[in-house]
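Engineer: Can you read through this structure? Questions will come right after.
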Amino acid sequence: MSNIKKYNGIPDMVILGSTGSVGEQAVDVALSHGLRVHALSADKSVRKVEAQARRLAPEFCIMNDVAAARELKIALADTNVKVLQGVDGIARMLSELKTDNPNGIVVENSILGKAGLEPTLKVLEAGYPLALANKESLVVGGEIVMPLAKKQGITILPVDSEHCAIFQCLRSGNHDEIKKILLTASGGPFFGYDKSALKGVTLQDTLKHPTWNMGAKITVDSATLMNKGFEVIEAVHLFDVTPSQIEVVVHRESIIHSMVEYIDNSVIAQMSVPDMRHCVQYALTHPCRTTAENTTPALDLFAKGKLTFVRPDTEVFTLLPLAYSCIDRGGALPCALNAANEIAVAAFLKEKIPFWKISDVVEKAVGYMDGRGVRDVHTLDGILEVDADTRAYTQQLL
Ligand code: MG
């Protein structure tokens, strides 16, 4: 039996990126389980971090932005909270952490975008278990992050609903028994649209996700299916499978969060209500479980009635096949894909470009970077350079 470990209480937490959508839900889980939270971090949302710090009383708060760190230091002057700044501040906090909790400390990284990569590397270097909600750490730097985790003997705990589901399904079999991973997708708000219908969609239409309540950037990525493409790349790294072993299944109800098909044709699925707090909690209790009365509601299958499955439309949502081709070709191509997409989505959110143009811009930028041979780049410095060059090139396309 693999499930021999008995539940023995929950670890303490550090929440990096505590003011984003997943970060706030991690704060919820920490509050509902009465967890000790040692540190919070954010980019520049001083007021939100201050409010969280007053509720959770961490030892450290780290702001990425220099002016925000200065401001937070003044705001928290009446407390014992140490305010630090930047990736160096995160590294210093990690070196000073102490706990007497026998379950230790789990560090959740829910930072938004590529900015989460270096903090991920710092957490792994410091030897802490990493609950990873920042998928860009793997999309951009998977080739560096996974070997480091392996060297440090750290299992990355996925806090992405699909990967958390796969992680749970993989407890049913051995790695060499996996036939394929069935990665589910809600299909987003424009499921069933053709190319001409996509030309008419607005920012407001895009931000209405049918089943998940998420931040603006990832909601746009769900509408283009870029998010699903990133999740394919994430799964390749996390679960050591080939891109051809991952099949995307559109499942509109978002009840099955993904499945694993084994060589005997048995398919194991994980189901629950769509709520990220489930994933945060599982990352903290893995390989055990504890009750969730205060976090996520129970699944009512009779209220749902039926579950449906269809293939994604890769002719309309072209960023999904582009992601497959980037991870297949490898090197820093997934990094270029992410960088181009971050710039294009930011422009769309500012209403500088229409929705349909996101994929257009991303495809052009990736094609250009591919021509520059970025699939042969495999170092952190090289990746950061590809990231910067892709961003600069993409800006010119807007
Ligand atoms: Mg997801």
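Engineer: Roughly how big is the chain's charge dipole about its Cα centre, with Cβ charges of +1 (Lys, Arg) and -1 (Asp, Glu), in debye to the nearest 20? Intermediate values should be presented prior to the final figure.
Structural biologist: Details: 40 positive and 47 negative charges, 122 e Å.
Approximately 580 debye in magnitude.
Engineer: From Cα coordinates alone, what are the radius of gyration and Dmax values for the stretch 330-398 in angstrom?
Structural biologist: Cα only, the stretch 330-398: 11.6, 35 Å (Rg, Dmax).
Engineer: With unit charges on the beta carbons (Lys and Arg positive, Asp and Glu negative) and the dipole taken about the Cα centre of the stretch 164-328, which residue among 274, 324, 312 sits farthest to the positive side?
Structural biologist: 274
Engineer: Compute the distance in nm between two label points, each set 7 Å from the Cα along the Cα-to-Cβ direction, one at residue 55 and one at residue 290.
Structural biologist: The answer from the label model is 1.8 nm.
Engineer: Using unit Cβ charges (K, R positive; D, E negative) and no other charged atoms, how large, in debye to the nearest 20, is the dipole of the stretch 176-227 about its Cα centre? Before the final figure, lay out each step's value.
Structural biologist: Details: 6 positive and 5 negative charges, 33 e Å.
The calculated dipole for the stretch 176-227 is roughly 160 debye.
Engineer: Of the peptides 275-284, 13-22, 198-207, 211-220, how do they stack up when ordered by the mean number of other Cβ atoms within 10 Å, highest first? Walk me through the numbers on the way to the answer.
Structural biologist: Details: 275-284: 24.4, 13-22: 26.7, 198-207: 13.6, 211-220: 18.2.
Taking the mean over residues of other Cβ atoms within 10 Å, the ranking is 13-22, 275-284, 211-220, 198-207.
Engineer: What Rg and what Dmax come out for the chain when only alpha-carbon atoms are used, in angstroms?
Structural biologist: 20.5, 62
Engineer: When each pair of different Cα atoms in the stretch 27-124 is counted once in the 1/r mean, what is the Kirkwood radius in angstroms, to one decimal?
Structural biologist: Details: mean 1/r = 0.0728 Å⁻¹.
Mean inverse Cα-Cα distance, inverted, gives 13.7 Å.
Engineer: Along the Cα→Cβ direction, 7 angstrom out, place labels at residue 177 and residue 78. What is the inter-label distance in nm?
Structural biologist: Between residue 177 and residue 78, the simple spin-label model gives 5.9 nm.
Engineer: Next question. Before I look further, what does the stretch 12-158 give for accessible area per residue, probe 1.4 Å, in whole square angstrom? Please list the in-between numbers first.
Structural biologist: Numbers: 5970 Å² over 147 residues.
Averaged over the residues of the stretch 12-158, the accessible area is 41 Å².
Engineer: While we're here: Return a whole-number percent for the relative contact order of the chain, with Cα pairs under 8 Å and 6 or more residues apart as the contact set. Before the final figure, lay out the partial values.
Structural biologist: Details: 714 pairs, mean separation 62.8, N = 398.
Worked out over the chain, it gives 16 percent.
Engineer: Distance cut-off 25 Å, Cα to Cα: go down the list 98/122; 114/195; 114/180; 44/135 and report the pairs above it.
Structural biologist: Working: 98/122 16 Å; 114/195 29 Å; 114/180 28 Å; 44/135 21 Å.
Over 25 Å apart, Cα to Cα: 114/195; 114/180.
Engineer: How far apart, in nm, are two points set 7 Å out from the Cα along the Cα-to-Cβ line at residue 67 and at residue 203?
Structural biologist: The answer from the label model is 2.2 nm.
Engineer: Could you do me a favour and compute the accessible area per residue for the stretch 330-398, 1.4 Å probe, result in Å²? Display every interim value, and only then the final one.
Structural biologist: Values: 2960 Å² over 69 residues.
Dividing the accessible area of the stretch 330-398 by its residue count gives 43 Å².
Engineer: When Lys and Arg each count +1 and Asp and Glu each count -1, what net charge do the other residues less than 15 Å away from residue 376, Cβ to Cβ, add up to? Please list the in-between numbers first.
Structural biologist: Working: positive: 329, 372, 375; negative: 143, 328, 370, 381, 385, 389.
Here the count lands on -3.
Engineer: Over 31 Å between C-alpha atoms is what I'm after, so list which of 48/208; 179/304; 82/208 land there.
Structural biologist: Working: 48/208 24 Å; 179/304 29 Å; 82/208 39 Å.
Long pairs (Cα-Cα over 31 Å): 82/208.
Engineer: For residue 379 and residue 302, what does the FRET efficiency come to when R0 = 51 Å and r is the distance between their Cβ atoms, rounded to the nearest 0.05? Display every interim value, and only then the final one.
Structural biologist: On the way: r = 53 Å, r/R0 = 1.05.
Here the calculated transfer efficiency is 0.45.
Engineer: Ignoring ligands, DNA and RNA, what percent of the 1.4 Å accessible area of the stretch 164-328 is carbon and sulfur? Intermediate results must be reported in sequence, preceding the final value.
Structural biologist: Values: 3710 of 7190 Å².
Looking at the stretch 164-328 in its full context, I get 52 percent from C and S.
The values are calculated or read from the model by the stated rules, or taken from the named source; none is laboratory data. Keep in mind the model is a prediction, meaning the values are calculated, not measured. FYI the Cβ positions are ideal-geometry reconstructions off the backbone, even for glycines, and counts take in every protein chain you see. Just so you know, the surface numbers come from the protein's heavy atoms only, side chains and all, with ligands and any DNA or RNA stripped out. Shrake-Rupley method; radii C 1.70, N 1.55, O 1.52, S 1.80 Å.
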